Amino acid sequence: MIEARGLTKHYGQKAAVDNVNFTIKPGQVTGFLGPNGAGKSTSMRLMVGLDRPSSGTVTVNGQRYSEMSAPLAEVGVLLDAKGVHPGRSARSHLRALAATHRIPERRVNEVIELTGLGAVANKRVGGFSLGMGQRLGIATALLGDPKVIILDEPVNGLDPDGVLWVRQLLRHFASEGRTVLLSSHLMSEMAQTADHVIVLGRGRVVADDPISELIAGGETKVRVRSPQAAQLASYVMSGTGNIQLQPLEGGDGEGFTATGIEVQRIGEIAATNGIVLHELTPIATSLEDAYLSLTRSEVEYAAG
Ligand code: ADP
């Protein structure tokens, strides 16, 4: 469990995190989502004592990081900082860390296996690919077998297999009852990994919801192209509910996007009336859209 109460961090005049409240529960994967500069990393640094709040508190399992007697056993962290000496091997890095935190040597081998680093564990970290570096970061976070795992953009730089592996690993940890928090600026990534999402924008919480609710909150759109678009449009509009049509932009009058009506229903209407379809595409109940509309006004430096 991670709890923030009135958490605030100022850098000079600027509030990077602005009076934020949330509770991150065990047994599920929670995503920290938001555009660059939203305050995700700052919040995570505050959780693990790498920065001090200007006001408010954040605790992990009821304790501030500075009060923990065995922090690596409480909370594992992957922040983007590359703190590993490039001349060291992955194994010696993990061994040194284990030794200073009284973690048994066999745990080093376990995390090397768990993160698929076996083949490169004795090589210099300086020669690691981004993906291998990321795996070592995750191995480091897991070393103390922590109950709480905090990962800042963990899939950055991973190949598709690596991305899948991280997702499965995090889901597995949540199923064991651990608290898992990861950040991403990509809604698509969250949709596939997280059960619950906290959306940040300009240092504030703009949404704190189960992912299923965010999806349900988005509207379904259907893109339709037909040589008889006008005719089809009039049939569609004669249906019940709040149906809205929008002509396709830059189109030749041969299509529209529809909201408030299911894709199947449009197909049925077309079939019943003998209308030719050139396209009938559901535009995914876009989580991306829901996210963009939540954060549109919150992006620090909007283009243009
Ligand atoms: P995110 O992780 O969501 O991209 P950050 O937490 O890194 O966002 O940054 C939030 C805001 O705080 C940004 O405006 C960033 O420029 C600012 N910021 C972060 N760290 C510092 C720092 N050490 N000094 C000054 N400003 C900072």
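Things to note:
- Hypothetical label at R88: residues of the range 124-155 whose amide nitrogen lies under 19 Å (7 Å Cα-Cβ projection): 124-146
- Dipole magnitude of the range 220-284, debye to nearest 20 (Cβ charges: Lys/Arg +1, Asp/Glu -1, about Cα centre): 120
- Directionally averaged shadow of the range 1-117, computed from the convex hull of its alpha-carbon atoms, nm²: 9.0
- Which of T30, G162, T140, positive extreme of dipole for the chain (C-beta unit charges): T140
- A convex hull fitted to the Cα coordinates of the chain yields 175 cubic angstrom per residue.
- A 1.4 Å probe run over the range 220-284, with the rest of the protein chains in place, finds 59 Å² accessible per residue.
- Comparing P53, L245, G6 along the charge dipole axis of the chain, the residue lying farthest to the positive side is P53, per the Cβ-charge model.
- C-alpha center-to-center spacing [the range 124-203, the range 32-48] in angstrom: 14
- At the residue level, M237 shows approximately 90 square angstrom of accessible surface with a 1.4 angstrom probe and all protein chains present.
- Extension gain, L186 back to Q228 (0.36 nm per residue minus Cα-Cα distance, nm): 11.3 nm
- Using only side-chain charges placed at the Cβ, +1 for Lys and Arg and -1 for Asp and Glu, the dipole size of the range 2-216 relative to its Cα centre rounds to 720 debye.
- Lysine pair count for the chain [Cα-Cα under 28 Å; pairs on different chains or 8 or more apart]: 12
- Overall, the range 84-145 carries a charge dipole of about 220 debye about its Cα centre when +1 sits on the Cβ of Lys and Arg and -1 on the Cβ of Asp and Glu, all other atoms neutral.
- Each Cα pair under 8 Å and six or more residues apart adds its sequence gap; the mean of these over the residue count of the chain is a relative contact order of 21 percent.
The values are calculated or read from the model by the stated rules, or taken from the named source; none is laboratory data. Note that the coordinates shown come from a computational prediction; the quantities given were computed from them, not determined experimentally. Heads up, the Cβs are rebuilt from the backbone with ideal geometry, glycines too, and the neighbour counts pull from every protein chain shown. Side chains included, ligands, DNA and RNA excluded: accessible areas come from the protein's heavy atoms. Shrake-Rupley method; radii C 1.70, N 1.55, O 1.52, S 1.80 Å.
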